[in-house]
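To start, the structure under review is shown below, and the notes come after it.
The values are calculated or read from the model by the stated rules, or taken from the named source; none is laboratory data. The shown structure was predicted, so the numbers you read here are calculated from the model rather than taken from an experiment. So basically every Cβ, Gly included, is an ideal-geometry build from the backbone, and we count neighbours across all protein chains shown. These accessible areas exclude ligands, DNA and RNA; they are computed on the full protein's heavy atoms, side chains included. Shrake-Rupley method; radii C 1.70, N 1.55, O 1.52, S 1.80 Å.
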Amino acid sequence: MTFSQAGDRIEQMSKRPLVLSGGPAVGKSTCGRRLADERERAAFIDADDVRQLIVAGDATLWSGPEGRAQHLLAVRNAAARARNLGDAGFDVVIADVVPADALAAYRSELPDCLVVQLALPVEEARARAATRPAYLTDAEFDLLHDLLASPPEVDVVLDVSGFTIDRQLEAIRGVWSVSR
């Protein structure tokens, strides 16, 4: 295979950057990582990991204007990484909590992205969260779910109530496969 053939192959397999949104424990990171792993060339970006790059002076989304500003800074940094990886021929999946202002930033920074909101009742999300280490207080968990109870104008809202992770992956794959 020549270099140009390899480039053509990458271009043909490339998908729109996928942004998975939703409250805690809806499956953003689990599904995002698995979807990226299924691809021939792909990257997974967890926006929480990008936020954790700030080690002094960090602020959470729910802690006021500085927290909102840092949330948007992470969106811009995640989008920049996604652009760089996409330019190098990698499909990209991003997991993030995407309220309206973050959606506007993703649309500005990564205009061709597909934003999929994973919707799950908070009680079901709590049951999922009980199977892993807790990083949020109950109040923070509820706040993030409440923030996305009425999702912004994302491309697709997937109700994943009662879904296994495999069924959830199937649903997301179906949306992502028709979106180019």
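Every residue, every condition in (1) within 26 Å of Asp37 (Cβ to Cβ); (2) in contact with a strand residue (DSSP E or B) (Cβ under 9 Å, 6 or more places away or on another chain); (3) in contact (Cβ under 8 Å) with a residue 40 or more places away in the chain, yes or no:
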| position | (1), (2), (3) |
| --- | --- |
| Leu114 | yes, yes, yes |
| Asp142 | no, no, no |
| Gln168 | yes, yes, yes |
| Ala171 | yes, yes, no |
Over segment 86-111, the set of residues among the acidic types (Asp, Glu) and in contact with a helix residue (DSSP H, G or I) (Cβ under 9 Å, 6 or more places away or on another chain) is Asp91, Asp96, Asp101, Glu109
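Condition (residue is on the phi > 0 side of the Ramachandran plot and either open to solvent by 30 Å² or more (accessible area, probe 1.4 Å) or not in a loop (DSSP other than H, G, I, E, B) (or both)) applied to segment 41-50: is it met by at least one residue?
no
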Considering segment 98-119, residues that are in a loop (DSSP other than H, G, I, E, B) and open to solvent by 20 Å² or more (accessible area, probe 1.4 Å), and then whichever is farthest from Pro17 (Cα to Cα), we arrive at Pro111
